[in-house]
Amino acid sequence: MTSNITFTIIKPLAVSKGYAGPILNKISESGFKITALKMLQLTQKEAETFYEVHKERPFYNDLVEFMVSGPIVVGVLEKENAVEDYRQLIGATDPAKAEEGTIRKLYADSVQANAVHGSDSDENAAIEASFFFSASDRF
Ligand code: CMP
């Protein structure tokens, strides 16, 4: 099935380095419509809940600490085949392995500070978008 929406986070280091604008521009230029967008700083509890699926991983505590370290930009993106196409656009989780021209290759520092998050399935896109946006915040 082809999905129509995906969910993204522009992570703290990318935001603090001033990359939110260029990243959003690349998203738009790549054919995604931004249907919800906001800037916020996660609480510890929110970050723990959002990344709960990684709770048993050795990097979980560091990941949560990083994600609460500064403001982030969260958004819902619409496009045919959104989940898969966005994962192509952002590149591999580890920026050292990401292809040239991808968002992570251009703007990421490390596997933890990897500039952006993108949903890995239609189901998670819906869950993640609802985590941050009520129906009235989506257009
Ligand atoms: P994200 O798409 O936000 O989803 C889970 C995050 O965990 C991932 O991006 C990375 O930032 C982080 N992550 C995944 N693997 C590792 C790892 N081996 N070490 C540190 N962080 C990781």
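Just so it is clear, none of the values below were taken in a lab; they were calculated from the coordinates. Everything numeric in this text was worked out from a predicted model, so none of it was measured. Cβ coordinates were reconstructed from backbone atoms using ideal geometry, including for glycine residues, and neighbour counts include every protein chain displayed.
Please list, ordered by chain and number, the residues whose modelled amide H lies under 5 Å from the amide H of Ala92; skip anything fewer than 5 residues away on the same chain.
Under 5 Å from the amide H of Ala92 lie the amide H atoms of Ala98, Glu99, each far enough along the sequence or on another chain.
If r is the Cβ-Cβ distance from Glu80 to Thr43 and R0 is 30 Å, what FRET efficiency results, to the nearest 0.05?
Once the sixth-power term is evaluated, E becomes 0.30.
Return one quarter of the surface area of the convex hull spanned by the alpha-carbon atoms of the range 94-139, equal to its mean projected area, in nm². Before the final figure, lay out each step's value.
Working: hull surface 17.2 nm².
With every direction weighted equally, the projected area is 4.3 nm².
With the alpha-carbon atoms as the only input, what is the per residue convex hull volume for the chain in Å³?
On the way: hull volume 14.6 nm³, N = 139.
Roughly 105 Å³ of hull volume per residue.
Can you give me the relative contact order of the chain as a percent, contacts being Cα pairs under 8 Å and 6 or more apart? Each step should come with its number before you reach the end.
Working: 241 pairs, mean separation 53.6, N = 139.
Computed over the chain, the figure is 39 percent.
How large is ³J(HN,Hα), in whole Hz, for each residue of the range 111-118 in order, when computed from phi with the Karplus curve 6.51 cos²θ - 1.76 cosθ + 1.60 and θ = phi - 60°, using x for Gly and Pro?
Listing the rounded values in order: 5, 7, 8, 9, 6, 9, 10, x Hz.
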